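The values are calculated or read from the model by the stated rules, or taken from the named source; none is laboratory data. These numbers come from a predicted model, not from an experiment. Heads up, the Cβs are rebuilt from the backbone with ideal geometry, glycines too, and the neighbour counts pull from every protein chain shown. Surface areas here come from the heavy atoms of the whole protein model, side chains and all, with no ligands, DNA or RNA. Shrake-Rupley method; radii C 1.70, N 1.55, O 1.52, S 1.80 Å.
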Amino acid sequence: MVHIALIEDDKNMQAIIKNCMEREIRESEKVEIDVFGEAENFQKSLMEGKEYHIVFSDVELGSMNGIALAKVLREKWPEIYVIFVTAYSEYAVESYELDAYQYILKEHMEERLPVILRKVLNKIKY
């Protein structure tokens, strides 16, 4: 089973991104997507023992932004694929310094997210 976390504070955008992911996931694949409105709830899930293979995160999230979250993930769970889905291009360099797998601008999400998700799913042995 591949576990994906989607961290996005905008409810409408949560639905759009999740729908975009679900269209790429094949029926035969065992994939679970958990949606979080803030980074703190996602971290709580990790601390409680939930395992995630892929994290799709917005950058602007409220009290803890996606960049700060990625720093924590790199320290404690370096094997997680971190993919940013954001409207802000100015964080791209910083995200790559954190070894993010990809940085997707929301304006290009419909064409880029499915391709990137497929590449990561193909890399993960499950």
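Under 21 Å from Ile116 (Cβ atoms), surrounded by fewer than 16 Cβ atoms within 10 Å (Cβ to Cβ), among the hydrophobic types (A, V, I, L, M, F, W, C) and in contact (Cβ under 8 Å) with a residue 40 or more places away in the chain: does that describe Met1?
So Met1 fits the description; yes.
Can you find, within segment 58-81, the residue that is surrounded by the fewest Cβ atoms within 10 Å (Cβ to Cβ) among those that are β-branched (Val, Ile, Thr) and farther than 18 Å from Met13 by Cα?
Out of the qualifying residues, it is Val72.
Which of (1) outside any helix (DSSP H, G or I); (2) under 13 Å from the mean Cα position of the chain (by Cα) does Ile67 not meet, given it meets every other one?
Answer for Ile67: the failing condition is (1).
For the list (1) surrounded by 19 or more Cβ atoms within 10 Å (Cβ to Cβ); (2) over 14 Å from the mean Cα position of the chain (by Cα); (3) not polar (S, T, N, Q), I need the number of the one condition that Val55 fails.
Status for Val55: all satisfied but (2).
If we scan segment 94-112, do we find a residue that is of a type in the set (Lys, Arg), farther than 16 Å from Ile7 by Cα, in a helix (DSSP H, G or I) and touching a strand residue (DSSP E or B) at 6+ places or on another chain (Cβ under 6 Å)? Walk me through how you get there before you give the answer.
Here is the first cut: in segment 94-112, the residues of a type in the set (Lys, Arg) are 106, 112.
From what is left, the residues that are farther than 16 Å from Ile7 by Cα are 112.
Okay, now just the ones that are also in a helix (DSSP H, G or I), so 112.
From what is left, the residues that are touching a strand residue (DSSP E or B) at 6+ places or on another chain (Cβ under 6 Å) are 112.
The answer is yes, given that some residue of segment 94-112 is of a type in the set (Lys, Arg), farther than 16 Å from Ile7 by Cα, in a helix (DSSP H, G or I) and touching a strand residue (DSSP E or B) at 6+ places or on another chain (Cβ under 6 Å).
May I ask you to list pairs of residues, at least six apart or on different chains, whose Cβ atoms are under 8 Å apart, with the first in segment 30-51 being more than 16 Å from Val72 (Cβ to Cβ) and open to solvent by 50 Å² or more (accessible area, probe 1.4 Å) and the second being part of a helix (DSSP H, G or I) and at pLDDT 95 or above?
Val35/Gln14; Val35/Lys18
Kindly establish whether Ser45 is in a helix (DSSP H, G or I) and among the hydroxyl-bearing types (Ser, Thr, Tyr).
For Ser45, the condition - in a helix (DSSP H, G or I) and among the hydroxyl-bearing types (Ser, Thr, Tyr) - is met.
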